[in-house]
Amino acid sequence: MMIVVEEKKSTYRDYAAPQRSDAVDTVREFYRLNHQNQTHDFVLKKKAEYLGFNRTTMTPWAALDFLNTLVDDSDPDTALPQIDHLLQTAEAMRANNEPDWMVLTGFIHDIGKVLCLFGEPQWAVVGDTFPTGCAYSSKNVYSEFFALNPDSQRPELQTPLGVYSEKCGLEAVHMSWGHDEYLYHMLKPYLPMPALYMIRFHSFYAWHRENEYQHLCNAQDDEMKPWVQRFNPYDLYSKNPNRPKLADVKPYYEDLLAKYLPAELKF
Ligand SMILES: [Fe+2]
Ligand SMILES: [Fe+2]
């Protein structure tokens, strides 16, 4: 059974006519800050700061509880709490009989947004991501704001390859910092490669939708891209005002979490 995820596609991610009534100014201001501040050096600093995972430990449920208090400023489509978005994403996958590791991925793909709990501003947590350390594609959303980024004044970072080598693979690329990269490193030991690509690159629209940055990609990236593209409609088009009841489905997700992840995750 194909369910509603395909419905009304064209009306999502329309930044000029968003689904959220409060969104135009909020989202635009979000990307001004994001593109201005996400320099290559900023990304390296955040990786050094967070990828030791020595802050705290939490169960996945505790992380989800926290996320319930967050509304994502970069999202033009929904102002519902994050848990509703995660449940809608996962439940749409489940209804389509996607593999269970993919349903789990849908359920947890945004829990890296707990970075907000550690005091990070939203521009360093959410929104579309892009490679730093090389020229910006004009197909990134609100790409005009890259002119405000200090890296745009560093000619060595503005060639197509920048600090990278031809076909080095996205593994070697320092993406703008946020929940995607953070959660990828946290879950690397536990999930199959397509799940890890979905988590790490789900916000890299310039790559999975616009096919930009191919000169940085290797054969593995090309092989994994269809999985990221398969994930994307669930992330986008399962957004609707109907709030699934967690209590009804909690036992299913408890089993799924226990199958793949340890009881406590390191943050
Ligand atoms: Fe996300
Ligand atoms: Fe999401």
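The values are calculated or read from the model by the stated rules, or taken from the named source; none is laboratory data. Computed from a predicted model, the values in this text were never measured in an experiment. Cβ sites come from the backbone with ideal geometry, for glycine too, and all protein chains shown count toward neighbours.
Summary table below
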| read-out | value |
| --- | --- |
| Scope the stretch 98-126; condition modelled with pLDDT of 95 or more and among the aromatic types (F, W, Y); matching residues | W101, F107, W123 |
| Cross-chain or 6+ apart pairs with Cβ under 9 Å, the stretch 188-203 first and more than 12 Å from N232 (Cβ to Cβ) and touching a residue at least 12 places away in the same chain (Cβ under 8 Å), then charged (D, E, K, R) and within 14 Å of ligand 2 (Cβ to nearest atom) | I199/D180; R200/D180 |
| Within the stretch 99-120, considering residues that are small (G, A, S) and touching a residue at least 24 places away in the same chain (Cβ under 8 Å), the one farthest from ligand 2 (Cβ to nearest atom) | G112 |
| From the options N96, N68, N54, residue that is surrounded by fewer than 20 Cβ atoms within 10 Å (Cβ to Cβ), more than 12 Å from ligand 2 (Cβ to nearest atom), farther than 23 Å from K259 by Cα and touching a residue at least 40 places away in the same chain (Cβ under 8 Å) | N54 |
| Among the residues listed as W207, W227, the single one being in contact with a Cys (Cβ under 9 Å, 6 or more places away or on another chain), of a type in the set (F, W, Y) and over 22 Å from L80 (Cα atoms) | W207 |
| Conditions (1) away from ligand 2 (no atom under 16 Å from the Cβ); (2) surrounded by 14 or more Cβ atoms within 10 Å (Cβ to Cβ); number of the one not met by P262 | (2) |
| Breaking point among (1) within 14 Å of ligand 1 (Cβ to nearest atom); (2) within 26 Å of E120 (Cα to Cα); (3) assigned to a helix (DSSP H, G or I), for E171 | (1) |
| Residues of the stretch 192-251 classified as modelled with pLDDT under 95, touching an Asp or Glu at 6+ places or on another chain (Cβ under 8 Å) and among the small types (G, A, S), total | 1 |
| Counted residues, the stretch 210-253 - those being over 30 Å from L161 (Cα atoms), surrounded by fewer than 19 Cβ atoms within 10 Å (Cβ to Cβ), within 16 Å of ligand 2 (Cβ to nearest atom) and polar (S, T, N, Q) | 1 |
| Test result for N149, surrounded by fewer than 17 Cβ atoms within 10 Å (Cβ to Cβ), of a type outside the set (F, W, Y) and away from ligand 1 (no atom under 16 Å from the Cβ) | no |
| Residue list for the stretch 125-140, filter: touching a Leu at 6+ places or on another chain (Cβ under 7 Å) and more than 14 Å from F201 (Cα to Cα) | G133, C134 |
| Residues (over 16 Å from the mean Cα position of the chain (by Cα) and part of a helix (DSSP H, G or I)) located in the stretch 104-121 | L117, F118 |
